[in-house]
Structures are given as structure tokens and as C-alpha cells.
1. Quick one: would you say E117 is closer than 26 Å to H236 by Cβ, in a helix (DSSP H, G or I) and not basic (K, R)?
2. Does S70 satisfy the condition of being under 16 Å from the mean Cα position of the chain (by Cα), in a loop (DSSP other than H, G, I, E, B), under 18 Å from N175 (Cβ atoms) and hydroxyl-bearing (S, T, Y)?
3. G234 versus (1) on the phi < 0 side of the Ramachandran plot; (2) loosely packed, with under 14 Cβ neighbours inside 10 Å; (3) not charged (D, E, K, R): which is the lone unmet condition?
4. Tally time: how many residues in the stretch 254-308 are small (G, A, S) and more than 30 Å from L7 (Cα to Cα)?
5. Out of everything in the stretch 185-224 that is more than 18 Å from E41 (Cβ to Cβ) and in a loop (DSSP other than H, G, I, E, B), what residue ends up being nearest to the chain's Cα centre (by Cα)?
6. So, in the stretch 156-184, exactly how many residues are closer than 23 Å to P63 by Cα, part of a helix (DSSP H, G or I), touching a Lys or Arg at 6+ places or on another chain (Cβ under 9 Å) and among the hydrophobic types (A, V, I, L, M, F, W, C)?
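None of the figures in this text is laboratory data; all of them are computed from the coordinates on show. Small disclaimer: the values here were computed from a predicted structure and weren't measured. Cβ sites come from the backbone with ideal geometry, for glycine too, and all protein chains shown count toward neighbours.
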Amino acid sequence: MIEIKDLNRYEKDRWGLYGGLSGSKYGILIDGARWMVKFPENTKHFPGKDKPNHHIPAYTTSPISEYIGSKVYESLDIPVHETILGYRDGKIVVACRDFDPYRAMIDYGKIKNAVTENDANLTGSSDHHGEVLEDVLIVMDTSDILKDTPNVKERFWDMFVVDAFIRNNDRNNGNWGIFINGDGSISLAPVYDNGNALFNKRNPSVAERRLCNEADIIQDALETGTSFFTDKSGRHLHPFAFIESMQNEECNTAVLRFADKVDMSKIRGIVDDIPETAFGVEIITSAQKEHYKRMFEIICEKSIFPTAEKIRNNRMS
């Protein structure tokens with residue numbers, strides 16, 4: 001079992017200030033390094049909370065989702081922010097090691113905003129609810145910054161596949177990007193902000209009920225939820241339908257990378273190593289653990305592995 005670190009003894013960093021809408025967050029100093037503490041979001045104002053028999057918990061499980069999602073990326077050797085689970089102010093939180101303050105972080109949304117009509121013919125229909133996938137591909141081909149960023153397309157498609165695997169539906173324009181380094185060079189930022197994975201707004205008790213019916217788990221794994229990315233008409237893409245269509249060769253290559261690298265024993269271990277309680281607070285239930293692990297298995301067995309085999313066969317023919 002991993003250690004749930006007591007973060008109450010660490011000093012709050014007055015300059016550790018962060019944007020974003022999903023819950024409170026601030027910086028603390030651990031051994032001189034700044035870490036961002038992310039609290040679970042209070043759901044009292046969520047749509048549907050006023051309806052009887054709703055399945056929304058009092059707080060989201062985003063710290064657990066952030067931790068598991070980030071560890072999955074790490075297990076695939078994809079650079080990702082360092083995360084630990086901790087206890088602070090009476091709640092289970094996730095702490096993410098902050099990036100080097102001497103490197104300027106530029107997110108994709110800002111880069112896209114600098115692309116003018118003279119540079120590219122974008123759809124113009126993207127907003128905070130979704131981003132047209134074709135626009136992303138055009139921006140990566142036309143932005144001087146992204147064209148100078150090594151492996152940016154590889155990283156984008158790796159995120160597309162891994163986000164589908166961890167059921168993260170919010171890889172939006174503000175949570176992936178690049179660093180401008182002190183010498184003026186450009187490099188990819190590690191993957192960050194994975195808290196919208198694994199049904200983080202669902203009451204943990206739902207997992208126990210879903211486990212009673214394999215069809216329900218298959219639905220959760222492969223059918224429920226769409227990507228942040230859309231087609232030209234604004235319809236959100238279903239990530240596995242897109243992956244299985246094999247319509248994009250760079251996505252196909254990312255599927256092969258995933259299939260070659262994923263180690264399901266490591267994935268199960270990430271989930272199993274989280275204690276169910278700490279400091280008298282529930283962290284994760286045994287049913288949630290089983291639900292997560294079974295979803296991961298189904299995604300590989302029924303979507304990613306068969307698609308990878310088809311891709312290999314097509315390339316050999």
C-alpha cells in the first residue's frame with residue numbers, strides 16, 4: 001500500500017496560486033519545493049443535485065482520479081506531473097509537484113489564439129465546451145511554435161488514447177501545452193490535470209451496483225462519455241469509435257505504442273496499492289477498485305488490443 005502523506009504540517013505558499021474551476025487548490029512547500037494541493041470539489045451546486053435518488057456524492061473523487069490517471073501515464077513512460085495522495089484540512093487531496101518557475105508554461109489555447117485567418121482556415125466553432133479535432137491538427141501544422149516543438153503530434157495522440165483509457169473527457173485547450181525554456185528553446189510540458197477521469201462525479205456506491213452486471217461495466221468502459229473534441233458540426237467524438245475507425249494514421253501509431261507498452265499487472269497494482277481509508281477518512285471502496293480494474297481490462301480486451309491487431313495486419317498487407 002502507498003503512504004497517504006499528512007500534508008497538514010507543510011507551510012502554505014502565499015504565492016502558490018492557480019486557476020481552474022474544479023475545486024480549491026493552492027501551493028504548499030515540501031522540502032523547499034512547491035506542490036499544488038488539489039481538493040475534491042463540493043458538488044452542492046451541481047445540476048441534478050436537487051433531484052431525488054441522484055448519484056452525485058457530496059464531493060467529487062477527483063484526487064483519486066488525478067492520482068490513478070497520472071500513474072497510468074507514468075506506467076506508459078509518458079512524462080506526467082508527479083503526484084502524491086495526502087491528507088489536509090480533513091480531506092483526502094492530491095498534491096502535484098509544480099513545474100519549474102523558470103520555464104514559461106504556454107497552453108494550447110493561447111497558441112491557437114495566435115493563429116490568424118491568414119495562417120489557417122479554422123472552423124471557428126470551438127469553445128470551452130469542445131474543440132474541433134480538425135482545428136487541433138491544423139494548428140499543430142501551422143503554428144510556428146508547435147511546428148518547432150519536438151514530438152508534439154505524438155504527445156497529442158498519446159493523450160487522446162490514454163485519456164480514453166482512463167475515461168478522461170476533459171483534455172481541454174487549457175490543460176496541455178509547452179514550456180518556453182530559459183534559453184528560448186521549446187519543449188513539451190508533462191501531461192497534467194487528469195482529475196476528470198474515472199467517473200469522478202459519481203457516488204462510490206454506484207460501482208457496487210454496476211459490478212453486478214457485466215453489461216453495465218462494458219457500458220461504463222466503452223459506451224458512456226465522449227471526448228472534449230468534436231467533429232466539424234460540433235458533435236462530440238466518442239473516443240473508442242474514433243480509435244476503432246482507424247481513420248488517422250498518427251492515432252493508429254499511438255494505439256500501437258499503447259498496446260505495446262501497457263502492462264495490466266502494473267495498472268491493477270496502481271489501483272490496488274491505494275488504501276481504502278487513512279486518517280479516519282474513506283479514500284476508495286473495494287467495489288470502486290474492482291470496477292476500475294475491470295473497466296481497464298474491458299477497454300484493452302474489446303477495443304484497444306483488437307484495433308492494434310487490425311492496424312498491424314493492415315500495415316503488413
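1. Working: closer than 26 Å to H236 by Cβ: yes; in a helix (DSSP H, G or I): no; not basic (K, R): yes.
No.
2. Values: under 16 Å from the mean Cα position of the chain (by Cα): yes; in a loop (DSSP other than H, G, I, E, B): no; under 18 Å from N175 (Cβ atoms): yes; hydroxyl-bearing (S, T, Y): yes.
The answer is no for S70.
3. (1)
4. Of the residues in the stretch 254-308, the ones small (G, A, S) are 254, 259, 265, 269, 278, 280, 286-287, 303, 308.
From the residues that got through so far, the ones that are more than 30 Å from L7 (Cα to Cα) too are 254, 259, 303, 308.
Result for the stretch 254-308: 4.
5. If we filter the stretch 185-224 for residues that are more than 18 Å from E41 (Cβ to Cβ), which is where we start, we get 185-191, 205, 207-224.
When the remaining residues are screened for being in a loop (DSSP other than H, G, I, E, B), the result is 185, 189-190, 211-213, 224.
Values: S185: 26, A189: 14, P190: 12, L211: 24, C212: 27, N213: 27, T224: 16 Å.
Once the filter is applied, the top-ranked residue is P190.
6. First, pick out the residues of the stretch 156-184 that are closer than 23 Å to P63 by Cα: 158-177.
Subsequent filtering for residues that are part of a helix (DSSP H, G or I) retains 158-165.
With the extra rule that they be touching a Lys or Arg at 6+ places or on another chain (Cβ under 9 Å), the set shrinks to 158-161, 163.
If we keep only those that are among the hydrophobic types (A, V, I, L, M, F, W, C) too, we end up with 159-161.
So the answer is 3.
Quick grid of which residues meet (1) over 16 Å from G177 (Cα atoms); (2) loosely packed, with under 15 Cβ neighbours inside 10 Å; (3) under 17 Å from the mean Cα position of the chain (by Cα); (4) not aromatic (F, W, Y):
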site: G130; (1), (2), (3), (4): yes, no, yes, yes
site: I138; (1), (2), (3), (4): no, no, no, yes
site: K147; (1), (2), (3), (4): no, yes, no, yes
site: R155; (1), (2), (3), (4): no, no, yes, yes
site: V161; (1), (2), (3), (4): yes, no, yes, yes
